[in-house]
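Report on the structure given below.
The values are calculated or read from the model by the stated rules, or taken from the named source; none is laboratory data. This one's a predicted model, so the numbers in the text were calculated from it and none came from an experiment. Here the Cβ positions follow ideal geometry from the backbone for every residue, glycine too, while neighbour counts run over all protein chains shown. Remember, those area values only see protein heavy atoms, side chains included, never the ligands or the DNA or RNA. Shrake-Rupley method; radii C 1.70, N 1.55, O 1.52, S 1.80 Å.
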Amino acid sequence: METPIISVVAELDEHGLRECALEIIGEGRSLADACNGTLTVLALSHTTGDWLETLRRQDAERVVVIEHPLLAEPTLDIHTAALAQWLAVQPPALLLMSDTVNGHEVAARLAAQLRWAVVTDCLWIKGNPQSGFSAIKPTHQDKVHTTFTCPLGQPLIATLRPGAIGVEMPRGSLTTEIIRWQPALDESLIHARTVEVIPGDPRHIDLREAERIVAGGRGVRSAEDWHLIEELADALDAAVGGSRQALDLGYIPNERMIGQTGKSVKPRLYLAAGISGASHHLDGVNADALIAINRDRGAPIFSRCALGVVGDLYEILPELTRRIREMRETK
Amino acid sequence: MSLNIVVCIKQVLDTQLPLQVDETSQQIVQEAAQPTYNINPADLSALETAMRFKDGLGARVTVLTLGAEHAIDVLRHALARGADAALHLVSVNETPDAWKTAEQLTRVIAGLGAALVLCGDASLDSAGGLVGTFMAEQLHLPLVTRAIRLELFAEEEKLRVWRQLERGARAVVECRLPALVCVSALIAQPKYVSVYRLQRADSSRIERIAIPPVENPALPVCMVSGISAPRLRPRKMSAPQASLSAAERIRFLMGGARTTAKPESKLVEGSTQEAVERLVKFFQERGILS
């Protein structure tokens with residue numbers, strides 16, 4: 001009998017591989033192991049980058065880089081066509097994608113074009129190609145979990161909710177073969193063209209969506225001084241947040257509070273000024289890079305940060321803001 | 001030439017009210033004596049968007065729904081909101097499925113000469129977010145989903161749509177008309193509907209169309225095999241580093257493996273100037289300031 005293939009689409013963005021891509025690669029690996037199959041990771045790009053090295057280190061038998069200059073455009077017609085062409089060459093038993101905005105739409109379009117079964121926004125995929133897959137997805141505003149039984153012997157497309165599975169460390173025991181493949185794409189495939197992508201304005205977006213956050217706490221002595229935090233955030237294109245202390249003192253509105261009883265945030269950069277770092281606050285912070293500025297050398301935040309500065313924020317913040325503005329202006 | 005807009009709406013179980021899952025009978029139980037149904041919020045956004053084009057461009061708006069007898073209530077609601085015509089598609093659909101639903105809707109929509117087909121991007125109940133995409137495929141129309149703002153250029157037969165992406169980003173998409181747009185629930189700013197209009201809608205005519213079921217859907221159907229109360233699956237996490245102390249390892253696991261005590265955490269003490277230099281260097285290393 002043929003070895004079943006599980007395929008996974010690894011989503012890339014301007015920073016490289018998205019975390020949700022690693023999640024579904026891990027999920028694809030366990031599903032492939034369960035049916036003695038192989039795992040193929042698909043990546044769409046117009047150019048190569050560091051992400052290829054990351055993909056090589058994952059536990060996949062194959063990485064297929066689908067390359068075409070037109071893929072530089074964020075137009076979904078093109079991305080769907082490129083994937084559809086590869087999937088016609090090598091149809092998998094199961095295609096996993098992340099249920100991101102674009103992942104969801106491309107999955108639905110692929111299903112429609114290829115006439116494959118599809119379940120979106122799943123939490124769990126169980127089973128194997130021999131006995132059939134079943135998928136569990138939340139419905140009714142996440143108040144109900146519905147189980148779908150997928151048709152046997154037919155390819156299935158499933159999208160998985162980002163963040164629901166978690167990322168495991170790759171075992172790194174496999175040698176990964178890298179295949180570069182050129183689809184046949186042209187302008188005539190475009191029906192709805194993405195002409196512009198506007199990045200979010202950090203001053204208005206939800207903190208949970210923010211890439212960078214500058215947060216302040218009790219160390220800011222009065223509401224009149226809060227502009228120090230705001231100005232630094234502005235210079236860094238970051239969103240403003242605060243601890244419970246900042247909320248209680250009236251520096252920030254309710255929706256800007258970070259921590260156990262506020263928002264849980266996941267930025268790439270988190271700069272905490274004048275926040276001691278009680279667990280109630282830090283439980284809500286999961287940052288790639290955490291920077292702390294505090295006068296108290298013994299503040300608990302210093303044991304959790306990538307870079308800690310012992311000093312007075314009233315001296316450091318204005319100087320830092322000035323330096324950053326200077327650097328950005330000279331460019 | 002008048003501009004025809006078709007809006008597909010769906011009646012959903014009101015999920016704002018407390019819901020319970022009876023796992024023995026496989027039924028969703030609402031605490032209220034009678035199940036409460038409502039118009040799907042994303043579909044209401046689509047309807048309100050169409051109404052804006054009616055006010056601004058004089059478009060003619062037709063609403064349609066596919067559903068049981070009581071689904072007629074959402075059509076009456078849409079008429080009260082200003083829709084010009086309402087069609088109730090009645091079918092004996094034994095298993096609701098996105099592809100079949102789309103096919104039944106497009107059979108009617110194909111004959112309506114619509115310049116723009118609008119629908120919500122996902123329903124509150126089944127939440128598949130597929131029907132719009134499938135309809136676009138069946139009608140061979142350009143598709144834009146997650147729309148939060150639309151601009152229609154009737155003379156140039158062009159449409160510009162703002163899509164909602166992650167992290168607050170927006171994408172601007174342009175396409176020709178006719179097109180199909182799935183509207184996000186975010187933009188629903190429903191207007192107040194007067195009692196007079198509601199009463200008048202009660203007596204308006206709603207055309208009823210019997211739709212034969214789709215016997216052999218081109219796309220294989222995933223059957224619902226059961227429902228249950230939500231049970232979260234355990235998240236995978238990396239194993240804690242062996243070099244950490246037992247207490248640290250426990251904290252690592254209890255904290256969702258999110259953070260570790262970083263022994264390499266760097267502490268800078270010194271003058272303001274030194275601190276700023278160190279911070280700027282850190283930003284540069286991480287590509288935050290290039």
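Considering every pair of different Cα atoms, what Kirkwood radius, in Å, is found for the stretch A:1-144?
Details: mean 1/r = 0.0640 Å⁻¹.
Mean inverse Cα-Cα distance, inverted, gives 15.6 Å.
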Average beta carbon contacts from partner chains per residue of B:214-223, 10 Å cutoff: 5
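Averaging sequence separations of C-alpha pairs under 8 Å and six or more residues apart, then dividing by the length of chain A, give the relative contact order as a whole percent. Please report the intermediate quantities before stating the final value.
On the way: 679 pairs, mean separation 44.9, N = 331.
RCO, chain A: 14 percent.
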Neighbour cut-off at most 13 other Cβ (10 Å), DSSP loop, trypsin sites (Lys or Arg not before Pro), the stretch A:93-172: A:ARG171
Cross-link partners of B:LYS100 among lysines (Cα-Cα below 16 Å; sequence separation of 8 or more within a chain): B:LYS10
Computed [θ] at 222 nm, deg cm²/dmol, chain A (DSSP H ≥ 4; -39,500 (n - 2.57); rounded to nearest 500): -8000 deg cm²/dmol
Sorted largest first, extent of the stretch B:108-172 alpha carbons per principal axis (Å): 38, 31, 16
With at most 16 other Cβ atoms within 10 Å, longest stretch of chain A clear of loop GluC sites (Glu not before Pro) (DSSP): A:15-331
Additional length obtainable on full extension of the chain from A:GLU224 to A:ASP33, 0.36 nm per residue less Cα span: 62.8 nm
Rg and Dmax [Cα atoms of the stretch A:156-231; Å; Rg one decimal, Dmax integer]: 22.8, 62
Rounded tilt (10° steps) of B:272-285 against the dominant C-alpha axis of chain B: 50 degrees
Computed over the stretch A:207-331, the ratio Rg/Rh where both radii use C-alpha atoms and Rh is Kirkwood: 0.93
DSSP bridge pairs, chain A: antiparallel proportion in percent, nearest 5: 20 percent
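Between B:ALA247 and B:GLN20, what is 0.36 nm times their sequence separation minus the Cα-Cα distance? Round to one decimal in nm. Intermediate values should be presented prior to the final figure.
Numbers: separation 227, 0.36 × 227 = 81.72 nm, distance 3.98 nm.
That works out to 77.7 nm of additional length.
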Label-point gap, in nm, between A:ILE198 and A:THR261 - each point 7 angstrom along Cα→Cβ: 3.7 nm
On Cα atoms only, tilt of A:227-236 relative to the major axis of chain A in degrees: 40 degrees
For chain A, Kirkwood radius (reciprocal of mean inverse C-alpha pair distance, Å): 22.2 Å
Cα long-axis angle, helix A:76-89 against chain A (0 to 90 degrees, to the nearest 10): 40 degrees
Calculated P(r) tail over 32 Å for chain B, as whole % of Cα pairs: 44 percent
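How big a patch of accessible area, both sides summed and in Å² to the nearest 100, lies buried between A and B at a 1.4 Å probe?
Numbers: alone 17200 and 18370 Å², together 27890 Å².
That pair hides around 7700 Å² of surface in total.
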Estimated D of the stretch B:84-224 in µm² per second, where Rh is the Kirkwood radius over Cα pairs and Stokes-Einstein applies at 10 °C, 1.306 mPa s: 93 µm²/s
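Between A:ARG180 and B:SER238, what FRET efficiency comes out of the Förster formula 1/(1 + (r/R0)^6) with R0 = 25 Å and r the beta carbon distance, rounded to 0.05? Each step should come with its number before you reach the end.
On the way: r = 31 Å, r/R0 = 1.22.
With a Förster radius of 25 Å, E is 0.25.
For the stretch B:67-125, what % of the accessible area comes from carbon and sulfur atoms, probe 1.4 Å?
Numbers: 1150 of 2000 Å².
Summing carbon and sulfur atoms, their accessible area is 58 percent of the total for the stretch B:67-125.
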Histogram of C-alpha separations across the stretch B:55-99, 10 Å bin width, %: 26, 43, 24, 7, 0
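Loop only per DSSP, at most 14 neighbouring Cβ atoms within 10 Å: give me the trypsin sites (Lys or Arg not before Pro) in the stretch B:167-232, ordered by residue number.
Passing sites in the stretch B:167-232 are B:LYS191, B:ARG205, B:ARG231.
Cα-Cα pairs above 47 Å in the protein assembly as shown: how many percent? Don't skip to the answer; put the middle values down first.
Values: 40247 of 192510 pairs.
Considering the protein assembly as shown, 21 percent of its Cα-Cα pairs are separated by more than 47 Å.
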The stretch B:155-227: Cα Rg divided by the 2.2 N^0.38 Å rule of thumb: 1.78
Cβ-derived FRET efficiency at R0 51 Å, A:GLU187 paired with B:GLN273, nearest 0.05: 0.40
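Rg over Rh of the stretch B:1-91, using C-alpha atoms and the Kirkwood radius, what does it come to?
Details: Rg = 15.7 Å, Rh = 14.4 Å.
Rounded to two decimals, Rg over Rh is 1.09.
Just the ratio, please: alpha-carbon radius of gyration of the stretch B:72-136 over 2.2 N^0.38 Å, N its number of residues.
Details: Rg = 12.5 Å, N = 65, 2.2 N^0.38 = 10.7 Å.
Computed over Cα atoms of the stretch B:72-136, the ratio equals 1.16.
Which of the trypsin sites (Lys or Arg not before Pro) across the stretch A:1-88 are loop residues per DSSP, with 15 or fewer other Cβ within 10 Å? Provide the component values of the computation, followed by the final result.
Details: sites: A:ARG18, A:ARG29, A:ARG56, A:ARG57, A:ARG62; in loops: A:ARG18, A:ARG57.
The qualifying sites are A:ARG57.
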Prolate/oblate/rounded label for the stretch A:70-181 (Cα gyration tensor, a/c 1.5): rounded
Calculated FRET value between A:ALA72 and B:THR36, using beta carbons and R₀ = 56 Å, to 0.05: 0.70
Partner aspartates and glutamates for A:LYS126 [C-alpha distance under 14 Å; skip if fewer than 8 residues away on the same chain]: A:GLU27, A:ASP33
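Enter the mean projected area of the convex hull around the alpha-carbon atoms of the stretch B:135-174, in nm², rounded to one decimal. Numbers along the way, then the final one.
Numbers: hull surface 12.9 nm².
Average of the hull's projected areas for the stretch B:135-174 equals 3.2 nm².
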